Amino acid sequence: MKILVTGGAGYIGSHTCVALLEHGWDVVAVDNLLNSSRESIKRVERITGGRIHFYQIDILNKPALANIFRQHKIDAVIHFAGLKAVGESVEIPFQYYHNNITGTLILLDVMKENNVRHLVFSSSATVYGDPDRLPIQEDSRLCATNPYGRTKLFIEEILKDIHSSDNSWNFALLRYFNPVGAHETGQIGEDPLGPPNNLLPYIAQVAVGRMPHLNIFGNDYDTPDGTGIRDYIHVVDLADGHLKALSKIFTNPGIAVYNLGSGRGHSVMEMLHAFEKACEKKIPFKIAPRRPGDVASCYADPSKAEKELGWKALKSIDDMCKDTWNWQRINPNGYK
Ligand code: NAD
Ligand code: UD1
């Protein structure tokens, strides 16, 4: 099998490339390197001893994308390429809608022209907004609360409409909860541009001395210790979920939506303590006001993925913190 990975140099894309190569599949990766580095591709090749056919292109560039489909006989696409910062999406919504939605439409058009009909799409738990019940099941109410979330929701709807009109398409829509961690070698990991928005990368940068302290956004939520609860999932488990989703759409055609989460909720305080254990130091923190738009608790019911894909998250928050710390310690400045 030859798999095209869009956004293959990024955080989840690079870990998925490792899993694909280790599975013995051929990997073609495209990325405009807007939020990533070519170094991650080199390191994936070093970890696996495999080779990635890498192209630095923008998926908005249809002729360049079409050229890749001419050069390679692609069997399926895993589509990670997209912009993902919630706050930024509120500032520059046009760029988010254009990049994420137009980019996906162009990709689908080129796939159709080349009769490639299998796609795994990176959606997000953000499509549930403020969840109507916990744990969150795939049929829970959908309600994105910001432009980034709406790009995911709209793309999901587009894929459903395309499948309704032509059932030769096969789609897996994967709603990730909170991806964290890094490959156990410490060679690839999350390398945010500028100050991190998300909890674990922020804690890791405090631990390595790049940030003075963590701001905990609110300790007055209706949770056992007052801090926000999320469903953290190790990126290596998440990468494995993509292989399982591909196998599913190859053998059981159609469209399906899956939550990829651990099914367990952990508070900010719990994550902080788990990280302190992993790095064997105290992480200074301050209690700050709540972050606008945050919800108190969010965690998945991942039983559908277990039942239908034979997938479940195996790694614990201790593994997540150990591997994040290993990556950050070895690469204090990321790939730079
Ligand atoms: P990332 O930014 O590390 O990876 C995305 C990659 O896509 C980057 O390498 C970027 O350079 C590339 N890219 C963006 N626009 C492109 C374009 N037009 N053409 C070519 N390449 C382009 O992000 P990630 O954390 O690996 O996320 C991957 C996907 O998963 C994204 O779609 C994201 O929205 C989704 N997702 C991520 C999370 C998370 O917390 N990391 C959670 C839920 C969903
Ligand atoms: C973020 C995104 C969401 C995305 C999800 C998964 C926002 C507003 N939402 O949500 O769209 O789907 O990541 O990657 O960015 N926290 C702190 N201090 C920090 C950072 C975070 O206390 O410096 C807290 C938050 O308030 C929250 C928890 O840590 O309770 C997790 O935050 P974060 O990692 O940003 O993930 P989400 O809030 O789930």
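Per residue, the convex hull around the alpha carbon atoms of the stretch 54-206 comes to 150 Å³. Between PHE154 and LYS73, the contour length at 0.36 nm per residue exceeds the Cα-Cα span by 26.3 nm. Amide H contacts of VAL27 (H built 1.01 Å from N, in plane; Pro and chain starts excluded): ILE3, HIS53 sit under 5 Å, all sequence-distant by 5 or more or on other chains. A straight chain from THR102 to ASP130 at 0.36 nm per residue would run longer than the Cα-Cα distance by 7.4 nm.
Put simply, the Cα atoms of the stretch 1-53 extend 28, 19, 17 Å along their principal axes, the longest span coming first. Compactness check for the stretch 207-310: Cα Rg over 2.2 N^0.38 Å is 1.36. Take the Kirkwood radius over Cα pairs of the stretch 260-312, plug it into Stokes-Einstein at 4 °C and 1.567 mPa s, and you get 94 µm²/s for translational diffusion. Remark: the stretch 141-239 carries a charge dipole of roughly 180 debye about the Cα centre, counting +1 on each Lys and Arg Cβ and -1 on each Asp and Glu Cβ.
Summarising the strand pairing of the chain, around 5 percent of its internal DSSP beta bridges are antiparallel.
Using only alpha carbon pairs under 8 Å that are at least six residues apart, calculate the relative contact order of the stretch 21-180 and give it in whole percent. Computed value for the stretch 21-180: 21 percent relative contact order.
Suppose only helical runs count, i.e. DSSP H with n ≥ 4. What mean residue ellipticity at 222 nm does that imply for the chain under -39500 (n - 2.57) per run, divided by all residues and rounded to the nearest 500 deg cm²/dmol?
Details: 12 runs with 132 residues, N = 336.
After summing the helix terms and dividing by residue count, I get -12000 deg cm²/dmol.
For the chain, the share of accessible area belonging to carbon and sulfur comes to 51 percent (1.4 Å probe, ligands and nucleic acids excluded).
Can you list the residues of the stretch 149-171 with backbone N under 16 Å from a point 7 Å past the Cα of ASN252, pointing along Cα to Cβ? Backbone N within reach: 170-171. Remark on the stretch 71-111: hydrodynamic radius 11.5 angstrom, per the Kirkwood mean of 1/r across alpha carbon pairs.
Can you list the equivalent-ellipsoid semi-axes of the stretch 17-85, largest first and in whole Å, using the square root of 5 times each Cα gyration tensor eigenvalue? Computed over the stretch 17-85, the values are 19, 16, 11 Å. Of the residues LEU272, ALA256, ILE287, the one whose Cα sits farthest toward the positive end of the charge dipole of the stretch 255-336, with +1 on the Cβ of Lys and Arg and -1 on the Cβ of Asp and Glu, is ILE287. If a spin label sat at a point 7 angstrom from the Cα of ASP318 along the line to its beta carbon, the backbone N atoms of the stretch 261-282 nearer than 15 Å would be those of 271, 273-280. Using every pair of separate Cα atoms, the Kirkwood estimate puts the hydrodynamic radius of the chain at 20.1 angstrom. Computed from the alpha carbon atoms alone, the convex hull of the stretch 1-119 holds 90 Å³ per residue. Equivalent-ellipsoid semi-axes for the stretch 140-254 (Cα gyration tensor, √(5λ), whole Å, largest first): 33, 20, 13. Spin-label model, GLN56 to LYS336: label points 7 Å out along the Cα-to-beta-carbon direction sit 1.7 nm apart.
In the full protein context, the stretch 107-212 carries 38 Å² of accessible surface per residue, based on a 1.4 Å probe and ignoring ligands, DNA and RNA.
The values are calculated or read from the model by the stated rules, or taken from the named source; none is laboratory data. In this text, all values refer to a predicted model and were calculated from it rather than measured experimentally. Don't worry about glycine lacking a Cβ; one is built from the backbone with ideal geometry, like all the others, and counts go over all protein chains shown. What goes into the accessible areas is simple: the full protein's heavy atoms, side chains included, and nothing from ligands, DNA or RNA. Shrake-Rupley method; radii C 1.70, N 1.55, O 1.52, S 1.80 Å.
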